Amino acid sequence: MKIIKEINNNILNSDICLIPTMGALHEGHLSLIEEGKKLGLPTMVSIFVNEKQFNEEEDFNSYPRPIEDDIKILQDLNIDYLFIPENSYIYSENSFELIDSGVLGKQYEGSSRPGHFDGVLTVVNRLFELIKPKVAIFGKKDAQQLFLIKELIFKKKCEIEIIEGKTIRESSGLALSSRNLLLTDSGKEKATLLYTILREAKKNFSDRRELDAFEIFSSKYLNLGIDYLEILDLETFSEPTEKTVEYIILLAAIIEDVRLIDNIEFKLEGG
Ligand code: AMP
């Protein structure tokens, strides 16, 4: 594995499979890397804690950065490149385009984290421009992010294939996240509630099939401190209609000052 801080011509001339991360690697990241390795292309993992996508300085400062552990994990996985750029390389003066994540970028996760998705799209766009990967892999765990990245690629007519990795969970149902490292044991136990609520919400909607009923169900949790619990059409990422084939329920909560997100995708049985 080559550890690089800058992109060279060798890389630009190969059909890279890129897996962007912010480090503090866990089995969720590893599953994306395994997907990438199956393609038989040179695999690159990037680790860059992107300040632009943090709307609170404290959150950026406390984000876990166990870089030595990450390097060991990746060495064992036998990837081709680990890209650990400096902030000044990614954001050198006038070298990058600030991307506006539009209306959707200000809803749901974006509503509680102003500027977050502008920052995500800005760094993803910059990584794409620098590396020119053939394939990039992102997790469905960050469903709104994934949707916005696919939209960015479509708008910019980039020829990059996006592969979507399924969400990896602990046996408790808790979705793996680098932020779980910031939770105490009791916080982690509380956090398992998120997936329980998502499954209950899915059942509630599958049984009733009424958006109004879902809203009443969801408002109960908003009173209990859940930040949002929304049902959307997976294809359009907006309110479901009669034409909706596949649904996604999004959930965000703050536990022990740690922001956690999760989601569940489903189709209704019997159409
Ligand atoms: P992050 O390091 O949190 O920016 O995440 C890097 C990539 O890993 C993103 O594409 C995430 O969607 C993905 N990811 C994060 N958590 C999981 C998980 N539990 N299962 C699968 N992919 C994940």
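Provide a single number: the residues in the range 23-50 that are among the charged types (D, E, K, R), away from the ligand (no atom under 13 Å from the Cβ) and within 18 Å of the chain's Cα centre (by Cα).
Going through the range 23-50, the residues among the charged types (D, E, K, R) turn out to be 27, 34-35, 37-38.
Filter once more, so that each one left must be away from the ligand (no atom under 13 Å from the Cβ): 37-38.
Restricting the remaining residues to those that are within 18 Å of the chain's Cα centre (by Cα) gives none.
Summing the residues that are among the charged types (D, E, K, R), away from the ligand (no atom under 13 Å from the Cβ) and within 18 Å of the chain's Cα centre (by Cα) in the range 23-50 gives 0.
Does SER88 fit the bill of being outside any loop (DSSP other than H, G, I, E, B) and more than 24 Å from ILE261 (Cβ to Cβ)? In short, yes. When ALA213, ALA191, ALA136 are checked against the criterion of being in contact with a strand residue (DSSP E or B) (Cβ under 7 Å, 6 or more places away or on another chain) and more than 10 Å from the ligand (Cβ to nearest atom), ALA191 stands alone in meeting it. Scanning the range 248-271 for residues that are assigned to a strand (DSSP E or B) and more than 18 Å from the chain's Cα centre (by Cα) returns ILE255, PHE266, LYS267.
So which residues in the range 155-182 are open to solvent by 70 Å² or more (accessible area, probe 1.4 Å) and over 22 Å from GLU34 (Cβ atoms), if there are any at all?
At the first step, the residues of the range 155-182 found to be open to solvent by 70 Å² or more (accessible area, probe 1.4 Å) are 155-157, 159, 161, 164, 166, 171, 181.
Scanning the range 155-182 gives LYS155, LYS156, LYS157, GLU159.
Out of everything in the range 125-154 that is open to solvent by less than 40 Å² (accessible area, probe 1.4 Å) and not in a helix (DSSP H, G or I), what residue ends up being farthest from GLU235 (Cα to Cα)? In this case the residue turns out to be PRO133. Scanning the range 79-95 for any residue that is touching a residue at least 24 places away in the same chain (Cβ under 8 Å), among the polar types (S, T, N, Q) and open to solvent by 60 Å² or more (accessible area, probe 1.4 Å) turns up at least one such residue. Selection over the range 164-188 of residues that are in contact (Cβ under 8 Å) with a residue 40 or more places away in the chain and more than 10 Å from the ligand (Cβ to nearest atom) gives a count of 5.
For the range 194-213, a tally of residues being in contact (Cβ under 8 Å) with a residue 24 or more places away in the chain and within 25 Å of ARG259 (Cβ to Cβ) returns 8. Whether any residue in the range 2-11 is of a type in the set (Val, Ile, Thr) and surrounded by fewer than 14 Cβ atoms within 10 Å (Cβ to Cβ) is what I want to check. Scanning the range 2-11, I find at least one residue that is of a type in the set (Val, Ile, Thr) and surrounded by fewer than 14 Cβ atoms within 10 Å (Cβ to Cβ), so the answer is yes.
Go through THR236, THR196, THR241 for me and flag whichever is surrounded by fewer than 17 Cβ atoms within 10 Å (Cβ to Cβ), under 25 Å from the mean Cα position of the chain (by Cα) and outside any helix (DSSP H, G or I).
Numbers: THR196 fails: outside any helix (DSSP H, G or I); THR241 fails: under 25 Å from the mean Cα position of the chain (by Cα).
On inspection, the qualifying residue turns out to be THR236.
How many residues, within the range 105-114, are of a type in the set (Gly, Ala, Ser), within 24 Å of ILE90 (Cβ to Cβ) and out of contact with any Ser or Thr (no Cβ under 9 Å at 6 or more places or on another chain)? Matching residues across the range 105-114 total 1. Considering the range 33-78, and only residues there that are small (Gly, Ala, Ser) and more than 20 Å from THR167 (Cβ to Cβ), the residue that is least open to solvent (accessible area, probe 1.4 Å) turns out to be SER46.
The values are calculated or read from the model by the stated rules, or taken from the named source; none is laboratory data. Worth saying up front: this structure is predicted, and the values here are computed from it rather than measured. Positions of Cβ are generated from backbone atoms using ideal geometry, with glycine treated the same way; all protein chains shown enter the neighbour counts. For accessibility, only protein heavy atoms count, side chains too; no ligands or nucleic acids. Shrake-Rupley method; radii C 1.70, N 1.55, O 1.52, S 1.80 Å.
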